[in-house]
Amino acid sequence: MLNFSAKQLVGVGLFLFAIFVGVPLIISATGRWDFYFTLTSVALLAIASAGVWLTFYIGRINIGQGAFALIGAYVSAILVVKAGWSFWISLPAAGLFAALVAILIGLPILRLRGVYFAMITLVLTQVVTLTALALPITNGAKGISSIPLPSGVSLFGIPLIPDFAAMENTKLAFYYSACILMIVTYAALYRLVNSRLGHLCRSMQQNEELASSIGVNIAYIRIVIFAISSFFGGIGGAMFGSIAQSVYPSSFQVADSINFMLNCFLGGLGYVVGPMLGTLILYFGWDLLFELGEYQLLVYSIILIAVIRFLPNGLLSLRLGKGDQK
Amino acid sequence: MEQILANGVYLGSQYAMIALGLTLIFALMNVLNFAHGQMYVIGGFVTYTFYGQWGVPFVLALAMSCITLAILGALIEKFLFAPVIKGSAREESTMLLAAGIAFLLDALILLFFGEKQRGVPKIVNGVFNYDFRLIMPYDRILICVLAILSIVAFIGLMQYTKTGRALRALAQDRTAAQLMGVNVGRYSMVGFALGAMLAGLVGGLLVTITGVNLGMGGPTSIKAFMMVMIGGAGVISGAIWGGIILGFMEAIGLAVLSQYGDITYLLIFVSLMIFLAIRPQGLMGKPWG
């Protein structure tokens, strides 16, 4: 099931080398230190987009990832600031909490399909934003600010993760941790897609009734997938809040939810790495176009429209013919 | 109480028109038009330019809004949606296109009209006052009547003309309509233009009361989605019901819940989710639309 070809191994090796050695070298050579923040954001948004992609995989259009990213960010911030937890423990806690919420909400709304599901998840983003404004624990519109940097973790006296506050270059540290998280996420995603569960998901994507009729427990699978997807969203959001050191109800809103969806579409829905590529291009492209000033949005949207006009199946569809599906 | 009901009718008639355009486009092409709110904003700005700045009579300015948006809608359908729908492996790709168009329209509005809030002089002065129990400015009443008339005209168009029949056939079954000799490509374009035109018309009507600004597009789209979900996607009567229900909920919520802070919309959203969990296809919708 997981037999990589030599070509794929080389590709993955090159990719890892590029992000862990190549990018820092290029950045220190060009002096564009701001790219660290951009690339860290790309990595984290790619994690959340991976979740959206996974819900696409069972044939649901998810425009609600912003909701789970916001939930994750708030859970982590509250645990760190108010309960004094270490960030590294609050991170999985944030993911698990987002997954729990996804299970509760998913039970009714996963019965919806097509545009109905898309629209209800869009509304869900708005619900979470408004809830964050209304609840006392989230501090309303003021949000939670001055979240401490992640502290160190050591096991039996051996430091596993250094203390971020004691570091002089937190940007690099955040970059590395975000990249590691992203790689773990995509490895998990790849493993999931190529497992028995992944095959069942594909059967659901094509025809739920048919899948159900041959004994696939579709209600169970779609809850599990939605929970995993929201777990990714929660993790990405929590890490984002930690880097920004603040969370506001507007940290993730409807526009972000739509962007997560666009990342998946743009990269191509048929490929595990699609959302990663889509996030990189959309977010990085937006950043690069910043120099155009008031024409930034215009040029960005024209490029976006042109891409979808001429490559409606995503950027990766360019190499569709090679049969080199990853 | 009378005041709440009157506000409900007023809001509901506006909302129903916005939802009608969205649901029409959805019914015809299965496209979730993210750019609907932006089209509404453009309609508002066109009326503002003609009526507020150049002093053209209001009715003509309104007509200009309709024409501009109809042309814009037709062009978007012909050169963007139609080819993408044809070439795409999945129908959902149109969502990406719709979102891209929403960004593009936002950018164009920013470049042409700026980001300031714009308003126009009142079309009629005076306030209707019934014993201080029901207070309604005359221009709101006029706009409300105009909106209801437009809805009636739209239903008439859909029910009794050849175009309307073709559009309804198209919404029911695309292939069957084509086999019956309906020019599918042309009527898709007409339908999209009509939907965009409705958005422009509401924008032009509402600019006289609420004014218009760049940021209104997104929230308007979300409200339109909610109305369509309440009524059922792709069903004309559903869109009207959805608009009226949302208008009344908003009017009642703002009147009753104002002391608890800004929780009206939170409650509306939550009740919508509960409602959809019980009845996924909305009030009038076909299952799995």
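The values are calculated or read from the model by the stated rules, or taken from the named source; none is laboratory data. Note that the structure is a prediction, hence the values are computed from the model and not measured. FYI the Cβ positions are ideal-geometry reconstructions off the backbone, even for glycines, and counts take in every protein chain you see.
Just checking, which of B:Gly247, B:Gly234 is at positive phi and touching a Ser or Thr at 6+ places or on another chain (Cβ under 8 Å)?
Residue meeting the stated conditions: B:Gly234.
Take A:Tyr220 and tell me if it is more than 18 Å from the chain's Cα centre (by Cα), of a type in the set (Phe, Trp, Tyr) and more than 14 Å from every other protein chain (Cβ to nearest Cβ).
Considered against the rule, which asks whether it is more than 18 Å from the chain's Cα centre (by Cα), of a type in the set (Phe, Trp, Tyr) and more than 14 Å from every other protein chain (Cβ to nearest Cβ), A:Tyr220 comes out as yes.
Looking at region A:92-116, which of its residues are of a type in the set (A, V, I, L, M, F, W, C), in a helix (DSSP H, G or I), surrounded by fewer than 23 Cβ atoms within 10 Å (Cβ to Cβ) and at the interface with chain B (Cβ under 10 Å from one of its Cβ atoms)?
Result: A:Ile105, A:Leu107, A:Ile109.
Any idea which residue in region B:32-73 is modelled with the lowest pLDDT, counting only those that are within 14 Å of chain A (Cβ to nearest Cβ) and farther than 20 Å from B:Gly114 by Cα?
Selected residue: B:Leu32.
Determine which single condition B:Val127 fails, assuming it passes every other condition in (1) among the hydrophobic types (A, V, I, L, M, F, W, C); (2) closer than 20 Å to B:Met216 by Cα; (3) without any contact (Cβ under 8 Å) to a residue 60 or more places away in the chain.
Only one criterion in (1) among the hydrophobic types (A, V, I, L, M, F, W, C); (2) closer than 20 Å to B:Met216 by Cα; (3) without any contact (Cβ under 8 Å) to a residue 60 or more places away in the chain is unmet by B:Val127, namely (2).
Take the residues in region B:74-114 that are among the aromatic types (Phe, Trp, Tyr) and touching a Ser or Thr at 6+ places or on another chain (Cβ under 7 Å); name whichever of them is farthest from the other protein chains (Cβ to nearest Cβ). Even if it seems obvious, please write down each step before you answer.
Applying the first criterion (among the aromatic types (Phe, Trp, Tyr)) to region B:74-114 yields B:79, B:81, B:103, B:112-113.
When the remaining residues are screened for being touching a Ser or Thr at 6+ places or on another chain (Cβ under 7 Å), the result is B:81, B:103.
Values: B:Phe81: 10, B:Phe103: 4 Å.
Across region B:74-114, the extreme among qualifying residues is B:Phe81.
Within region B:142-163, can you find the residues that are over 24 Å from B:Tyr187 (Cα atoms) and in contact (Cβ under 8 Å) with a residue 60 or more places away in the chain?
Once the filter is applied, which keeps residues that are over 24 Å from B:Tyr187 (Cα atoms) and in contact (Cβ under 8 Å) with a residue 60 or more places away in the chain, region B:142-163 yields B:Ile143, B:Cys144, B:Ala147, B:Ile148.
Could you look through region B:243-260, keep only residues that are more than 21 Å from the chain's Cα centre (by Cα) and within 13 Å of chain A (Cβ to nearest Cβ), and pick out the one that is modelled with the highest pLDDT?
B:Gly253
If I ask for residues that are of a type in the set (Gly, Ala, Ser) and on the phi < 0 side of the Ramachandran plot, which ones from region B:96-150 would you list?
Hits for region B:96-150 are B:Ala98, B:Ala99, B:Gly100, B:Ala102, B:Ala107, B:Gly119, B:Ala147, B:Ser150.
Give region A:59-74 a look and list any residue that's modelled with pLDDT under 90 and either surrounded by fewer than 24 Cβ atoms within 10 Å (Cβ to Cβ) or touching a Gly at 6+ places or on another chain (Cβ under 8 Å) (or both), or say none.
A:Gly59, A:Ile61, A:Asn62
Which pairs have Cβ atoms under 6 Å, sit 6 or more apart or on different chains, and link a residue in region A:122-151 that is more than 9 Å from every other protein chain (Cβ to nearest Cβ) to one that is surrounded by fewer than 16 Cβ atoms within 10 Å (Cβ to Cβ) and not in a loop (DSSP other than H, G, I, E, B)?
Hits for this filter: A:Leu149/A:Ala165.
Looking at (1) at positive phi; (2) modelled with pLDDT of 90 or more, can you tell me which one A:Val52 breaks?
(1)
Given the criteria within 18 Å of the chain's Cα centre (by Cα) and not β-branched (Val, Ile, Thr), does B:Leu198 qualify?
Values: within 18 Å of the chain's Cα centre (by Cα): yes; not β-branched (Val, Ile, Thr): yes.
Criteria met by B:Leu198.
Please state which one of B:Ile263, B:Ile240 is of a type outside the set (Phe, Trp, Tyr) and within 14 Å of chain A (Cβ to nearest Cβ).
Unique residue meeting the criteria: B:Ile263.
Please verify whether A:Ala178 is within 17 Å of A:Val42 (Cα to Cα), of a type in the set (Gly, Ala, Ser) and either at pLDDT below 90 or outside any helix (DSSP H, G or I) (or both), treating the condition exactly as stated.
Spelling it out, A:Ala178 is indeed within 17 Å of A:Val42 (Cα to Cα), of a type in the set (Gly, Ala, Ser) and either at pLDDT below 90 or outside any helix (DSSP H, G or I) (or both).
When only residues in region A:250-262 that are within 10 Å of chain B (Cβ to nearest Cβ) and in a helix (DSSP H, G or I) count, which is surrounded by the most Cβ atoms within 10 Å (Cβ to Cβ)?
For region A:250-262, the residue satisfying everything is A:Met261.
Working carefully through the options A:Gly233, A:Gly241, find the one that is part of a helix (DSSP H, G or I) and modelled with pLDDT of 90 or more.
Within the list A:Gly233, A:Gly241, the selection yields A:Gly233.
Does any residue of region B:243-261 turn out to be within 27 Å of B:Lys122 (Cα to Cα), in contact with an Asp or Glu (Cβ under 9 Å, 6 or more places away or on another chain) and surrounded by 24 or more Cβ atoms within 10 Å (Cβ to Cβ)?
no
For region A:1-58, how many residues meet the condition of being in a loop (DSSP other than H, G, I, E, B), touching a residue at least 12 places away in the same chain (Cβ under 8 Å) and loosely packed, with under 12 Cβ neighbours inside 10 Å? Reasoning before the result, please.
Here is the first cut: in region A:1-58, the ones in a loop (DSSP other than H, G, I, E, B) are A:1-5, A:31-33, A:58.
Going one step further and asking which of them are touching a residue at least 12 places away in the same chain (Cβ under 8 Å), we end up with A:1-2, A:33, A:58.
Still in the running and loosely packed, with under 12 Cβ neighbours inside 10 Å: A:1-2.
Total satisfying the criteria: 2.
Can you spot a residue in region A:269-277 that is in a helix (DSSP H, G or I), within 14 Å of chain B (Cβ to nearest Cβ) and at pLDDT 80 or above?
Yes, some residue in region A:269-277 is in a helix (DSSP H, G or I), within 14 Å of chain B (Cβ to nearest Cβ) and at pLDDT 80 or above.
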